[in-house]
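Nothing in this text is a laboratory measurement; each read-out follows from the coordinates by a stated rule. It should be emphasised that the depicted structure is a prediction, and the values quoted were computed from it without experimental measurement. Positions of Cβ are generated from backbone atoms using ideal geometry, with glycine treated the same way; all protein chains shown enter the neighbour counts.
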Amino acid sequence: MTEDYRKIELIMSLRNQGIRDQRILEAIERTPREMFLGPSFQPMAYADQALPIACGQTISQPYVVAFMTDRLKLNDRCKVLEIGTGSGYQTAILSPLCRRVYTIERYRTLAKEAGERFKALGLSNVTQMVGDGHKGWPKLAPFDRIIVTAAAAEVPQALGDQLAVGGIMIIPLQSGPMSQELVRITRDERGLAHERLLPVRFVPLVEGIARES
């Protein structure tokens, strides 16, 4: 089976699972997921599953990437904060759908590798930082959209504070000792409202910048 055929099958699967936004499907179709994986996992690039990357992290399942992106309700005016750059795959999907993406990664190795991929793909509207995702990016706040790609026990206060009025945040939250739920948070003049979306499994959101040997 050729890579192009696997990609077509993935797009069809996403459609069948309810992803109908053509902009998102086109972004996924145009983005070479194999570029974000190590050589041994590249043959599985268009399987609809999460896969391991460096530093004990993962690249999310394409359906989860598409679902989270869809629920952000992006437009070309949106200023987006991403917590957890990882391989950069989610960032690459967000890039053509919004005005600018600001992405934070705690692992310098992952941030460097992701930056090289962004450059190779010509993603000129992505700005990176190595930092603590719990703190967000206060100098650039507020953000129209915030997407968190690691599971937290609760919404970090700084991220809630940095979400603009009328903004949307998508974040995985611990819902039990061994369970997580994807939650959509919206801000209005009265505060934050929570909406449960989907059971998920993400790596934990850890405070601080990682120490790497």
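Structure above, values below:
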read-out	value
Residues (under 18 Å from residue 77 (Cβ atoms) and free of Cβ contacts under 8 Å to residues at least 24 places away in the same chain) located in region 114-140	124
Among (1) over 16 Å from residue 150 (Cα atoms); (2) of a type in the set (A, V, I, L, M); (3) crowded, with 20+ Cβ neighbours inside 10 Å - the single one residue 68 does not satisfy	(1)
Pair list, Cβ under 8 Å, 6 or more apart: region 56-71 residue more than 17 Å from residue 45 (Cβ to Cβ), other residue assigned to a helix (DSSP H, G or I)	68/90; 69/24; 69/27; 69/90; 69/93; 69/94; 69/97; 70/24
Any chance residue 212 is assigned to a loop (DSSP other than H, G, I, E, B) and farther than 19 Å from residue 85 by Cα	no
Conditions (1) of a type outside the set (A, V, I, L, M); (2) loosely packed, with under 15 Cβ neighbours inside 10 Å; (3) farther than 21 Å from residue 94 by Cα; (4) without any contact (Cβ under 8 Å) to a residue 24 or more places away in the chain: number failed by residue 3	(4)
Qualifying residues in region 116-129 (those that are of a type in the set (A, V, I, L, M, F, W, C) and not in a strand (DSSP E or B)) - the one farthest from residue 68 (Cα to Cα)	120
Cross-chain or 6+ apart pairs with Cβ under 8 Å, region 37-48 first and free of Cβ contacts under 8 Å to residues at least 40 places away in the same chain, then of a type in the set (Gly, Ala, Ser) and surrounded by 14 or more Cβ atoms within 10 Å (Cβ to Cβ)	48/13
